[in-house]
Amino acid sequence: MSTKTKRAALYTRVSTDRQTVENQISELRQVAERRGWEVVEIYRDAGISGAKGRDQRPGLDAMLNDAGRRRFDVVMAWAIDRLGRSLIDLLGTIQHLEAVGVDLYLEQQHLDTTTPAGKLLFQITGAFGEFERSMIRQRVKAGLAPIKAKIARGEKFTSKAGIVRRNLGRPGAEPDKMERARQELARGTGIGKTARLVGLGTGTVHRLKREMALGG
């Protein structure tokens, strides 16, 4: 009984324009040939650091999108640092491949998730990914705790942007400032002066004046 030939995609990356991806492609093609895999697509990121995220690596982004469409069965790369040097981005890439059912082959690490032993990588990275997300949640909660305590006491706090606020969530103009701005505008005070007097942005005051002119 014949088995279906695996469709392979090659992902290659070099950090500078002076380097070439051709050596990686040649080596990976030879591996695919020995394994009886058909290379159906090649994705390249040339002159791009592995520290950059998916949004700055068009080759990686295209490969992951096509993986989701199951245009191939396995992604082949020369080494794990070709996929990324940021741990969180690397975990995200590996977990994405697992989620869409695409295997991963890394030549230098002798890693092949098409084998039972190789699939252990997916289990390990899943655990690391969950650990990282848990740590991020804990850091966020720890950072919010003193702010929530101030709010509970009726105190103000300073945001990372240096803005003094009373509440968490999306910042908005405080009602008392808006009312004062309406009063100043009704007196004929200019937009810029009103903004300075009440502590609002000129854009906010301009919108408020426009609303007043429309009867809002």
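The values are calculated or read from the model by the stated rules, or taken from the named source; none is laboratory data. All of these numbers come straight from a predicted model, not from anything done at the bench. Heads up, the Cβs are rebuilt from the backbone with ideal geometry, glycines too, and the neighbour counts pull from every protein chain shown. All accessible areas refer to the heavy atoms of the entire protein, side chains included, with ligands and DNA or RNA removed. Shrake-Rupley method; radii C 1.70, N 1.55, O 1.52, S 1.80 Å.
Expressed as a whole percent, the accessible surface of region 43-96 that belongs to carbon and sulfur atoms is 49, based on a 1.4 Å probe. Applied to region 91-105, the Karplus parametrisation 6.51 cos²θ - 1.76 cosθ + 1.60 on θ = phi - 60° returns per-residue 3J(HN,Hα) values of 4, x, 5, 5, 5, 5, 4, 5, 4, 9, x, 10, 7, 10, 10 Hz, with x for Gly and Pro.
Can you work out the base-10 log of I(q)/I(0) for region 18-122 at q = 0.12, 0.13, 0.23 1/Å, using the Debye formula on its C-alpha atoms alone? Values, matching the q order: -0.37, -0.44, -1.57. In order along region 54-70, the Karplus-derived 3J(HN,Hα) couplings, from 6.51 cos²θ - 1.76 cosθ + 1.60 at θ = phi - 60°, round to 4, 5, 10, 10, x, x, 5, 4, 5, 5, 5, 5, 5, 4, x, 8, 6 Hz, and Gly and Pro are given as x. Working from label points 7 Å from Cα in the Cα-to-Cβ sense, the Arg54 to Lys193 distance is 5.4 nm. Residue pairs exceeding 32 angstrom between C-alpha atoms, taken from Lys150/Lys209; Lys148/Lys177; Lys141/Lys209; Lys52/Lys148; Lys141/Lys177: Lys150/Lys209; Lys141/Lys209; Lys52/Lys148.
Summarising the amide proton neighbourhood of Tyr43: residues at separation of 5 or more, or on other chains, whose placed amide H is nearer than 5 Å comprise Leu10, Tyr11, Thr12.
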